1. Let me spell it out: the conditions are (1) within 30 Å of residue 217 (Cα to Cα); (2) touching a helix residue (DSSP H, G or I) at 6+ places or on another chain (Cβ under 9 Å); (3) outside any strand (DSSP E or B), and residue 115 meets all of them except one. Which number is the exception?
2. Any idea which of 177, 220 is at pLDDT 90 or above, outside any strand (DSSP E or B) and under 30 Å from residue 135 (Cα atoms)?
3. Considering only residues of the stretch 145-169 that are crowded, with 18+ Cβ neighbours inside 10 Å and in a loop (DSSP other than H, G, I, E, B), which is farthest from the chain's Cα centre (by Cα)?
4. Could you tell me whether the stretch 213-228 includes any residue that is under 24 Å from residue 120 (Cα atoms) and under 45 Å from the mean Cα position of the chain (by Cα)?
5. Restricting attention to the stretch 195-210, does a residue exist that is over 40 Å from the mean Cα position of the chain (by Cα), surrounded by fewer than 15 Cβ atoms within 10 Å (Cβ to Cβ), under 20 Å from residue 128 (Cα atoms) and modelled with pLDDT under 95?
């Protein structure tokens, strides 16, 4: 069989085992000769050249080791920085969350104290002096500070969340008093008609004010037109504009 026969002649090309062994032996011999030749050529070089090559090889190995050490150090530093960055991110997230909670609590306190503008459903009560009251009633035909105060207290008791009188927000220390024919609300003069707005459940607020023998019933006995109630789907109130800074009291620090 011809080992160099092609497929076109009907034979397969088969490489003899002996030929493969021969080629492998030649390749190994050439590699050995090349290594030996390289070593032989190196030994034939002048001494100073060989010293420089050996020194260069040592320098290269030293630089390689140094680079490896620096790379290891950089990897460790990167790991530490990444861990520190994670800690900082967590701290910022915690601080942001704490700030958000603190701000929410502050807003709740300000809203509770009446310091912020608010809106919501509620009831609007209009009190006005009588125009057609029977003669002889005198002061009964006029809206006084006590009438406003009674209505405000009744609204608080009925669950009102915020109250204003003639667009003046009622705060914790708001006071009502009369000076002649003028009503003072925190030293601000108002006159009839007095419009009282209350945010809360309109039905509940109206039911509380319409009780028999209640504050509005007394006013209506003089003249029904002195009182007007209106349910409002949404109303807006300004924040409390009076002073909030105490002169004498101060907060007591928590124990412990």
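The values are calculated or read from the model by the stated rules, or taken from the named source; none is laboratory data. Given the structure is predicted, the values throughout are model-derived calculations rather than measurements. Cβ sites come from the backbone with ideal geometry, for glycine too, and all protein chains shown count toward neighbours.
1. (1)
2. Values: 177 fails: outside any strand (DSSP E or B).
Just a single option satisfies the conditions, and that option is 220.
3. Among those that are crowded, with 18+ Cβ neighbours inside 10 Å and in a loop (DSSP other than H, G, I, E, B), it is 158.
4. Scanning the stretch 213-228 turns up at least one residue that is under 24 Å from residue 120 (Cα atoms) and under 45 Å from the mean Cα position of the chain (by Cα).
5. Yes, the conditions are met somewhere in the stretch 195-210.
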